[in-house]
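> Sharing a structure, written as structure tokens. Questions coming.
We did not get these values from a lab; they are worked out from the coordinates using the rules stated. Source: prediction; values computed, not measured. Cβ: placed from backbone, ideal geometry, glycine included. Neighbour counts: every protein chain shown.
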Amino acid sequence: MQDWLTIHEGSAPLVIGLPHTGTDIPAAIESRMTSSWLARKDADWWVDRLYDFAIDMGATLVRTGVSRSVIDVNRDPSGASLYPGMTTTGLCPTETFDGEPLYQAGQEPDAAEIAERRATWFDPYHAALQSQLDRLRSRGPVVLYDAHSIRSVVPRLFKGELPQFNIGDNDGATCAGALTQAVEAACAISGAGLVVNGRFKGGWTARHYGRPETGVHAIQMELADRGYILDPAGPVSPDNWPSPYEPERAEPMRGHLRRVLSACIDFAESQR
């Protein structure tokens with residue numbers, strides 16, 4: 001087992017992917033970058049801690065500790081855009097969400113290095129996801145829940161303030177409508193804003209694995225992180241980002257997410 005890859009096996013019909021919570025960057029790569037802070041700025045901060053209660057629910061968790069700035073395991077490995085015509089970051093990003101360059105001039109990874117990073121981190125992460133899905137799928141239908149968060153305001157990516165809960169099933173392609181409806185209903189109880197297939201319809205993970213006709217139902221949850229940490233309304237800097245994880249602030253969101261994950265498990269069990 002690679003030390004950067006964490007797998008917790010559970011028995012419930014639920015696999016949670018944590019593709020963007022890592023902050024590890026090999027020194028040889030980080031030395032070519034413009035800033036250590038920029039290189040970690042766009043992590044899904046504290047999402048692994050936010051969802052740690054899922055272990056007690058019997059969920060399986062698969063997490064990479066490698067920063068998305070090294071390789072984004074939720075992007076199409078071919079390099080094709082998941083959102084044609086819209087601003088997004090690539091398999092091995094060269095800029096932040098806000099457009100700041102990640103690498104010093106001339107130090108960006110070339111095609112050979114991108115292929116090496118894919119073999120080193122992308123492929124093993126997805127092999128682990130596939131293995132866990134296969135293990136649980138042998139017992140019946142299973143839900144893959146891809147867990148994410150992002151700052152509430154990122155003008156380069158979307159207008160205005162992002163809704164609290166952003167549910168994605170790629171316009172109904174990656175899971176049964178009943179699962180999406182159950183997750184939406186669980187979120188709605190919070191009274192916070194939500195959208196289905198808004199700016200975030202689901203990344204490569206949901207689109208690649210989601211095959212409801214075979215019993216694998218994939219759904220993505222993109223949280224606006226103001227729901228569990230202090231989220232600066234304006235520009236962020238090393239002085240105010242990332243905000244620390246505060247258990248008392250996060251606990252209400254954890255309650256909402258328990259309800260969401262329960263809905264996922266109940267759905268999968270109802271299909272057995």
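> What ranking, highest mean first, results for peptides 251-260, 160-169 when packing means the other Cβ atoms within 10 Å averaged over each residue?
Values: 251-260: 17.2, 160-169: 21.9.
Highest to lowest by the protection proxy: 160-169, 251-260.
> Follow-up. Relative contact order of the range 47-147, please, whole-number percent, based on alpha carbon pairs below 8 angstrom and at least 6 residues apart. Could you put the intermediate results ahead of the total?
Working: 67 pairs, mean separation 26.3, N = 101.
This gives 26 percent for the range 47-147.
> Now, a different point. What is the extension gain from ARG137 to ALA115, computed as 0.36 nm multiplied by their sequence separation minus the C-alpha to C-alpha distance, in nm to one decimal? All intermediate terms of the calculation are to be shown ahead of the outcome.
On the way: separation 22, 0.36 × 22 = 7.92 nm, distance 3.02 nm.
Residue separation times 0.36 nm, minus the Cα-Cα distance, leaves 4.9 nm.
> Then there is this: Once you compute Rg and the Kirkwood Rh from C-alpha atoms, what is the Rg to Rh ratio for the range 53-151? Don't skip to the end; give the middle numbers.
On the way: Rg = 16.0 Å, Rh = 15.6 Å.
On the Cα set of the range 53-151, Rg over Rh gives 1.02.
> Taking the inverse of the average 1/r across all pairs of different Cα atoms in the range 119-182, what Kirkwood radius in Å do you get?
Working: mean 1/r = 0.0678 Å⁻¹.
Hydrodynamic radius (Kirkwood, Cα only) of the range 119-182 equals 14.7 Å.
> How much net charge surrounds LYS201 when only other residues with a Cβ under 10 Å from its Cβ are counted (Lys, Arg +1; Asp, Glu -1)?
Values: positive: ARG199, ARG207; negative: ASP169, ASP171, GLU222.
Computed value for this residue: -1.
> Please grab the % of Cα pairs in the range 155-212 that end up more than 13 Å from each other.
Numbers: 1008 of 1653 pairs.
So the pairs more than 13 Å apart make up 61 percent of the total in the range 155-212.
> Could you tell me the relative contact order of the chain? Use alpha-carbon pairs under 8 Å, at least six residues apart, and round to a whole percent.
22 percent
> Over the range 134-217, what relative contact order in percent results from Cα pairs under 8 Å that are six or more residues apart? Kindly include the intermediate steps, with their values, before the conclusion.
Details: 106 pairs, mean separation 34.9, N = 84.
Relative CO of the range 134-217 lands at 42 percent.
> For the chain, report the translational diffusion coefficient in µm²/s to the nearest whole number, using Stokes-Einstein at 25 °C, 0.890 mPa s, and a Kirkwood Rh over Cα pairs.
Details: Rh = 18.8 Å.
Answer from the Stokes-Einstein relation: 131 µm²/s.
> May I ask you to compute the full-extension gain from SER237 to GLU184, defined as 0.36 nm times their residue separation minus their alpha-carbon distance, rounded to one decimal in nm? Could the numbers behind the result be given before it?
Numbers: separation 53, 0.36 × 53 = 19.08 nm, distance 3.35 nm.
Full extension of this stretch gives 15.7 nm more.
> Which residue, LYS201, LYS159, LYS41, tops the fluctuation ranking in a GNM of the chain built on C-alpha contacts under 10 Å?
Top of the fluctuation ranking is LYS159.
> While we're on this one: Show me the helices of the chain, taken as full DSSP H stretches, that run 15 Å or more along their long axis by Cα and average -0.5 or above in Kyte-Doolittle hydropathy. Present the calculation step by step, with values, prior to reporting the outcome.
Working: long enough: 123-137 (20 Å, -0.99); 177-188 (16 Å, 0.95); 247-270 (34 Å, -0.48).
Going by DSSP H runs, the hits are 177-188, 247-270.
> Still on this model: Could you tally the net charge around PHE122, taking each other residue with its Cβ under 12 Å from the Cβ of PHE122, Lys/Arg +1 and Asp/Glu -1? Don't skip to the answer; put the middle values down first.
On the way: positive: ARG68, ARG75, ARG117, ARG118; negative: ASP72, ASP76, GLU116, ASP123.
My count for the surroundings of PHE122 gives 0.
> Let me ask another. Hey, what does the equivalent ellipsoid look like for the range 1-77, semi-axes from the Cα gyration tensor as sqrt of 5 times each eigenvalue, largest first, whole Å?
Working: eigenvalues 139, 29, 22 Å².
Computed over the range 1-77, the values are 26, 12, 10 Å.
> I need the calculated FRET efficiency for the pair ALA80 and ASP52, taking r as the beta carbon distance and R₀ as 45 Å, to the nearest 0.05.
Details: r = 33 Å, r/R0 = 0.74.
The formula returns an efficiency of 0.85 here.
> Taking all pairs of distinct Cα atoms, average 1/r, flip it, and tell me the Kirkwood hydrodynamic radius of the range 112-221 in Å to one decimal place.
Details: mean 1/r = 0.0657 Å⁻¹.
The answer is 15.2 Å.
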